[in-house]
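Take a look at the structure below.
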Amino acid sequence: MFLFKLAFLNITRNVRRSLITVMAVGVGLAALIFLWGFNDGTIEQMRENVIRLFTGHVQIHARGFEKSLSPELFLAQREKVLIDVAANPAVSRITERVKCEALVGTSENSRGVLLVGVDPERERQITDLEDHIEAGRYLEPDGNREILVGDRLAKKIGLDLDDKVVVMTQAMDGTLAGYAYRVKGIFHTGSQQIDEVSVYITLASAQELLGLGEDVHEIVIQLSDRKGIEPFLEWAKISLGSEKYEVLKWNELIPEVDQWTQWAEAVIGTILIAVMVVIGVSIMNTVLMSIYERTRELGVMMAIGTSPSQIVQLILLETLILEGLGIILGLVGGYLVTIYFGEVGISFHGVEEAFSRSYMSTVVFTKVEWPHVVQSVITLILLTSFIGLYPAWKASRMEPVKAIYYS
């Protein structure tokens, strides 16, 4: 207790310098918490965008379909699979799709696309594509000659509402199949992958185009919670078997999100180290200046019997007090700022084009992930405590006589 009182007294001798150090620690930690919050919010929105716009939580295909998109690789025993999956208590919603590569064209232009046949009613329960219709309307259940196209694709080949477009693809029997469709809706998701490459027609129309009958290529599953994905995959391996089917989770279908996560965390980690070094040097400078100003005092303390280990403890305690006050300030400031922008969001509408190759949202809502906050605090404590060892060691190595007569 005596060392603590003495350490606190020493810190308050130069209030301005101590406040600057506490502010450096606090602002640095608050900035790190905000950066982690921005990163975590961005990644979480990317994950949800992928799940809500395209993949669902889990998809089931015939083995090899996802890589080849071969029309003949339809799901065997589709009805049995649907019944088994629907019986799983973790499953919230299910829909079916037909997917294939196709050529979409007008009399003047054409483009290769991913053609997706969906059940309009069940699809709107899993994905929010309908919410992104910016012109026209969503597909009708009986709209077998209707098509939805992305705004980027529409611009590329010169399409507008109610224009006629021809879709050509390879049918299941290997022949060339094609129908004319009317553009009933133009959507904008902000993702180049969807807005420029994907088009949507009804499930019945896609089955007719490919000659599939009642068969489908994939079953899309929405679970009640994303945490239930891994248990569901384990269940699917046992219940469905792995010889006929491939059961893929959302990040296996769109691996770019995980790659972005790794890159972003590496960048934040680099910034964290840089900020920690700056904070550590600031604390070391404060403590060193305090030691130089108290050289005579420390010499007297050692002359009357204070041991070098007690001097080290005193200096480290001063460091930890400054650090602790800064951490409290940083936690409060960083938490409040992150929570605030988690409510109002940070708009990037002016740079939407830069986000178009990813699934990032143009409004980012920050999110506090406590493991990252704890990681930042622990790293800060370890690094600054280590840096504080040098001035403590330097003080403990003083010769009492020389220190007393230091000027």
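The values are calculated or read from the model by the stated rules, or taken from the named source; none is laboratory data. As the structure is a prediction and not an experimental result, all values here were calculated from the model. With ideal geometry, Cβ positions are generated from the backbone for all residues, glycine too; neighbour counts draw on all protein chains shown.
Among the residues in the stretch 65-86, are any assigned to a strand (DSSP E or B) and under 19 Å from residue 256 (Cβ atoms)? Within the stretch 65-86 (the criterion being assigned to a strand (DSSP E or B) and under 19 Å from residue 256 (Cβ atoms)), the answer is no, since none of the residues qualifies. Checking each residue of the stretch 99-107 against the condition of being of a type in the set (S, T, N, Q), surrounded by fewer than 16 Cβ atoms within 10 Å (Cβ to Cβ) and not in a loop (DSSP other than H, G, I, E, B) gives no match. Only one of the numbered conditions (1) touching a Cys at 6+ places or on another chain (Cβ under 7 Å); (2) at positive phi is violated by residue 136, and that is (1). Note on the stretch 114-131: residues that are crowded, with 22+ Cβ neighbours inside 10 Å, part of a strand (DSSP E or B) and among the hydrophobic types (A, V, I, L, M, F, W, C) total 3. Residue count for the stretch 299-314, restricted to those that are in contact with a Ser or Thr (Cβ under 8 Å, 6 or more places away or on another chain) and not small (Gly, Ala, Ser): 3. Looking only at residues of the stretch 336-362 that are in a helix (DSSP H, G or I) and modelled with pLDDT under 70, we find that the one that is farthest from the chain's Cα centre (by Cα) is 350.
Let's see how each residue does on (1) crowded, with 21+ Cβ neighbours inside 10 Å; (2) free of Cβ contacts under 8 Å to residues at least 60 places away in the same chain; (3) of a type in the set (S, T, N, Q):
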residue	(1), (2), (3)
133	no, yes, no
147	yes, yes, no
157	no, yes, no
167	yes, no, no
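Okay, residues lined up against (1) over 34 Å from the mean Cα position of the chain (by Cα); (2) assigned to a loop (DSSP other than H, G, I, E, B); (3) of a type in the set (Val, Ile, Thr); (4) closer than 20 Å to residue 61 by Cβ:
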residue: 166; (1), (2), (3), (4): yes, no, yes, no
residue: 169; (1), (2), (3), (4): yes, no, yes, yes
residue: 184; (1), (2), (3), (4): no, no, no, no
residue: 190; (1), (2), (3), (4): no, yes, no, no
residue: 193; (1), (2), (3), (4): no, no, no, yes
residue: 207; (1), (2), (3), (4): yes, no, no, yes
residue: 216; (1), (2), (3), (4): no, yes, yes, yes
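Every test in (1) modelled with pLDDT under 90; (2) touching a strand residue (DSSP E or B) at 6+ places or on another chain (Cβ under 9 Å); (3) among the small types (Gly, Ala, Ser); (4) more than 15 Å from residue 209 (Cα to Cα) is passed by residue 185 save one, and that test is (1).
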